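See below for the structure under consideration.
Derivation of every value follows stated rules applied to the coordinates shown; laboratory data play no part. All values reported here derive from a predicted model rather than from experimental measurement. All Cβ positions, glycine included, derive from the backbone under ideal geometry; neighbour counts span all protein chains shown.
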Amino acid sequence: MNSHPNRKRPDQPEHRLKPSSSSSIKPEWIHKAKASLAQSLFAESIMFSISKQISSLPGITHLHRLQSIHEVNRETGTHRLTAKGCLERISSGDWHESNLNHLVQSMYEARRHDRIQRGQLMELKRSVPVDARTAVENWIHWLDYSENTLQKAMVSTQELIGKQYWNRFIPR
């Protein structure tokens, strides 16, 4: 028996969502979504390096606060990477319902963690020594860029899969 999760077994219903017609698949939307998400991941990598830089600065006594930010940063990166993988699978023709669900869920979770991280960074900015404040402000700048490009990826993905499917998979 074929155990591949995206291939229909005789005893299972089909869970692959198919666009209503081949004309409804617009390759430009997948390219836009992938490009925007790649930019968001690029910004995420810069934020990881800034967090390491701040952690190594002398006089930083807020390591517990930084540790919490690092944890949220890792979660956000994981969600962006998952979304990237889902988009890659869609571009290869894998429109399985669970793939679309993970794509939408991952994008929303990344956005939620971005918002948590923003609050933590604003708190950190108020409490770090003056010489470290510039690095935190730079981190916030890259978070802005990462959030904006994630939002662009979300809009392109919604256009790609259609509002009906997008709304179906939005976290409740």
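Per-structure values
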quantity	calculated
Largest-first principal axis extents, alpha carbons of the stretch 34-169, Å	52, 21, 18
Calculated diffusion of the stretch 93-151, Stokes-Einstein form, Kirkwood radius summed over Cα pairs, 37 °C and 0.692 mPa s, µm²/s	250
Theoretical gain in end-to-end length, Q67 to Q164 [0.36 nm per residue, Cα-Cα removed]	31.0 nm
Whole-number D in µm²/s for the stretch 67-118 (Stokes-Einstein; Kirkwood sum over Cα pairs; 10 °C, 1.306 mPa s)	141
The stretch 34-169 - percent relative contact order, Cα under 8 Å, separation 6 or more	41
Residue-wise HN-Hα coupling along the stretch 76-84, computed from phi with Karplus coefficients 6.51, -1.76, 1.60 (Hz; x: Gly, Pro)	4, x, 4, 5, 5, 5, 4, 4, 4
Efficiency of FRET from Cβ geometry, E88 and R172, R₀ 25 Å, rounded to 0.05	0.40
Among Y165, L143, A38 - extreme Cα towards positive end, dipole of the stretch 34-169, charges at beta-carbon	L143
Nearest-0.05 FRET efficiency for R111 and S49, computed from C-beta distance (R0 30 Å)	0.85
Over 21 Å (Cα to Cα) - which of K26/K84; K52/K152; K84/K125 fall in this group	K52/K152; K84/K125
Total charge dipole magnitude, the stretch 26-172, about the Cα centre, Cβ charges on Lys, Arg, Asp, Glu only, Debye to nearest 20	220
Integer Hz, Karplus 6.51/-1.76/1.60 couplings in order for the stretch 30-39, x for Gly and Pro	5, 5, 5, 5, 5, 5, 5, 5, 4, 5
